[in-house]
Amino acid sequence: MAQVVPLRYDTAFKKAFGQPEIFCQFVEDVLGIKFHTDEVHRGYKFLEPIGQVDIEYDLFAEDPESRIVVEIQHVRERNFRDRSRYYHRQVKNSKAYQFDRTVYTIVVLTSPYSEDAIDFSVAITDFNPVNEFSRKVDVYPHQLVFVVPRMVNDKTPSGIKAWLELVLDSLDGEMDESRYNSPIFERVIDAVKLDNISPAERRVLKDEESWEDTLIDVMQREKEKIARAMISEGLSTEVIARTTGIPEAEIEKLRQS
């Protein structure tokens, strides 16, 4: 078993997917298009905002020959709905965003936490209206794709599913290399092995781990607050456990406290 940095950490995610060959293969498998680039920018931001679009992209690359731009955002926050509305609003409100490129944004949600707002592994949308003849009117050359590794299922398209399972496999910090015979996947694993993490990357990881520990603590307090409210309403331990995800034994302790 290889000891790895989970791909939910930005340091690991950007190190792996920031490699051009890995980036291109991921894009092709998720979007179903041909894409080639020799350079992937990390933390990319346009020198000047395009209209109202002023986002810093975790990973950004362009295929000049195909006139395609692909942006990858790695998101661990729980506010999926707010994030989705934000992307839509940024693009929809900006006429100047219609530059002569086809633009794809892939948002990878690697939060390890349960969230009712997300019940899918893949969600795809674009910004084009549909007319009365049920035909799409090409107005905005932009497509937005959300992928959620922890929600992978039998309906997940096979090309995307392999990538989501790869990310999911990394989340416990161990990966069985014998499961993967793809050179690209082997490169992803090699990039995030603990032995291959530099001292500078380790320092950044410590900050990310501290952030995650704080978030877990906040979420636990939120769940306990909900559980206490449900206890005061006389709801059963089983119902409270199913709603909050708190083990029944812990709920009984809350009843007695």
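Close contacts from segment 1-30, counting a first residue that is crowded, with 21+ Cβ neighbours inside 10 Å and a second that is among the basic types (K, R) and assigned to a loop (DSSP other than H, G, I, E, B), with Cβ to Cβ under 8 Å and a gap of 6+ residues or different chains, come to R8/R76. For I68, the requirement of being at pLDDT below 90 and surrounded by 15 or more Cβ atoms within 10 Å (Cβ to Cβ) is not met.
Table: residues versus (1) more than 23 Å from K161 (Cα to Cα); (2) modelled with pLDDT under 85.
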residue: L31; (1), (2): no, no
residue: D38; (1), (2): yes, no
residue: Y44; (1), (2): yes, yes
residue: E48; (1), (2): yes, yes
residue: E62; (1), (2): yes, no
residue: E77; (1), (2): no, yes
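Okay, residues lined up against (1) basic (K, R); (2) outside the structural domain of D10 (by TED's automatic domain parsing):
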{"residue": "V167", "(1), (2)": "no, no"}
{"residue": "G173", "(1), (2)": "no, no"}
{"residue": "I184", "(1), (2)": "no, no"}
{"residue": "K225", "(1), (2)": "yes, yes"}
{"residue": "L235", "(1), (2)": "no, yes"}
{"residue": "V239", "(1), (2)": "no, yes"}
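For segment 134-153, filtering for residues that are touching a strand residue (DSSP E or B) at 6+ places or on another chain (Cβ under 8 Å), of a type outside the set (S, T, N, Q), within 19 Å of I106 (Cα to Cα) and outside any loop (DSSP other than H, G, I, E, B) leaves 6. For the residues S170, S178, S198, S210, the requirement of being touching a residue at least 12 places away in the same chain (Cβ under 8 Å) and either exposed (fewer than 14 other Cβ atoms within 10 Å of the Cβ) or among the hydroxyl-bearing types (S, T, Y) (or both) singles out S170.
The values are calculated or read from the model by the stated rules, or taken from the named source; none is laboratory data. Just so you know, these numbers come straight off a predicted model, no measurement behind them. Methodologically, a virtual Cβ is constructed for each residue, glycine included, from the backbone with ideal geometry; neighbour enumeration extends over all protein chains shown.
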